[in-house]
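The values are calculated or read from the model by the stated rules, or taken from the named source; none is laboratory data. Bear in mind that the values here come from a model prediction, so they are computed numbers and not experimental data. No Cβ is skipped: glycine too gets one built from the backbone with ideal geometry, and neighbour counts run over all protein chains shown. Ligands, DNA and RNA are excluded from the accessible area calculation, which covers all protein heavy atoms including side chains. Shrake-Rupley method; radii C 1.70, N 1.55, O 1.52, S 1.80 Å.
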Amino acid sequence: MADLLTTLRQRFPTSDDRVSDLKGVFDNINTFVPIVSQWKEEAGRNKHLSPAGISSAYRKRMGENVMQEVRRMNTVIAESKAKLAEAKVNVTKPKYDPTDMLGAAYRREIREFLRQTETSQRLSLVMSETADPIFTAAALELPTVVSGLPEQQADMVRKVYAERNHPDVLEHIAVRESALEVMTAFASVFKEEVRKQAGIDDKKAFEAWYETGAEPEAA
């Protein structure tokens, strides 16, 4: 486990301020790595404990000192991924002024024109290097079928729009995705190591303990 977790730590974009919030959570969990197996060994030195008692003592100590932070990290990962998914959608959407009736009417005329053009010309009008931004805005304002763009082509238009208008946001998203990818892999390896030490063979019971602290029922 140690070598893999070390590799993952090295992959984390530590020096980038855009993931400083994630780094704090990640660094905190890293401090627990040495104790995952160490505490089980310590519990095993108590000759008065059965194997089940050793596992129970280990889980109790983990629950009091570690698992709350592990669950917090997992929550941070899930919430951050959800926010990134939303950001990846929003960055492909032009902004419109709802009070600009003249602009809305002009975009409607553009969509009517686009529907009547040949496919290659339509794509050129909305995503070529010389395309007028208002054509792109018009094409993406409503469901793309209204502009005559098949969904696959619409995805290309959205991608080009984001790259041209919000490269900084895309870079920000990419950095945080990289950090979250490392954290997700780290969390998976950490969980597997805890599973080996926890003494809970039933998968459902282990998941319940890992996620909520619920102790397995005695057989």
- Task: Could you pull out the residue among 215, 211 that is assigned to a loop (DSSP other than H, G, I, E, B) and in contact (Cβ under 8 Å) with a residue 24 or more places away in the chain?
- Result: 215
- Selection over the range 13-35 where residues are surrounded by fewer than 13 Cβ atoms within 10 Å (Cβ to Cβ), over 14 Å from residue 182 (Cβ atoms) and of a type in the set (Asp, Glu) yields a count of 1
- Message: Being open to solvent by 40 Å² or more (accessible area, probe 1.4 Å) and at pLDDT 90 or above: is that true of residue 142 here?
- Response: yes
- Considering the range 90-110 alone, what residues qualify as being out of contact with any Asp or Glu (no Cβ under 7 Å at 6 or more places or on another chain) and farther than 21 Å from residue 164 by Cα? 98, 99, 100, 101, 102, 104, 105, 106, 108, 109
- Query: Only one of 185, 179 is open to solvent by 30 Å² or more (accessible area, probe 1.4 Å), at pLDDT 95 or above and assigned to a helix (DSSP H, G or I); which?
  - Reply: 185
- Task: Name the one entry in 83, 88 that is modelled with pLDDT of 95 or more and under 30 Å from residue 209 (Cβ atoms).
- Result: 83
- Query: In the range 89-122, which residues are closer than 26 Å to residue 171 by Cβ and not β-branched (Val, Ile, Thr)?
  - Reply: 90, 93, 94, 95, 96
- Quick one: which of 38, 68, 10 is open to solvent by 80 Å² or more (accessible area, probe 1.4 Å), closer than 22 Å to residue 207 by Cα and among the polar types (S, T, N, Q)? 68
- Determine whether the range 200-207 contains at least one residue that is under 27 Å from residue 159 (Cα atoms) and part of a helix (DSSP H, G or I). no
- Task: Taking the options 75, 14, name whichever one is β-branched (Val, Ile, Thr), modelled with pLDDT of 95 or more and under 21 Å from residue 186 (Cβ atoms).
- Result: 75
- Search the range 102-130 for residues that are modelled with pLDDT of 90 or more and open to solvent by 100 Å² or more (accessible area, probe 1.4 Å) and pair each with any residue that is among the polar types (S, T, N, Q) and part of a helix (DSSP H, G or I) when their beta-carbon atoms are under 8 Å apart and the residues are at least 6 apart or on different chains. 115/147
- Item | Pairs with Cβ under 8 Å, 6+ apart, first in the range 82-98 and in contact (Cβ under 8 Å) with a residue 60 or more places away in the chain and part of a loop (DSSP other than H, G, I, E, B), second surrounded by 15 or more Cβ atoms within 10 Å (Cβ to Cβ) and of a type in the set (Gly, Ala, Ser) | 91/162; 92/162; 94/137
- Only residues in the range 156-178 that are farther than 14 Å from residue 90 by Cα count as the first member; pair them with residues that are surrounded by fewer than 17 Cβ atoms within 10 Å (Cβ to Cβ) and among the acidic types (Asp, Glu), Cβ under 8 angstrom, at least 6 apart or cross-chain, and list the lot. 175/16
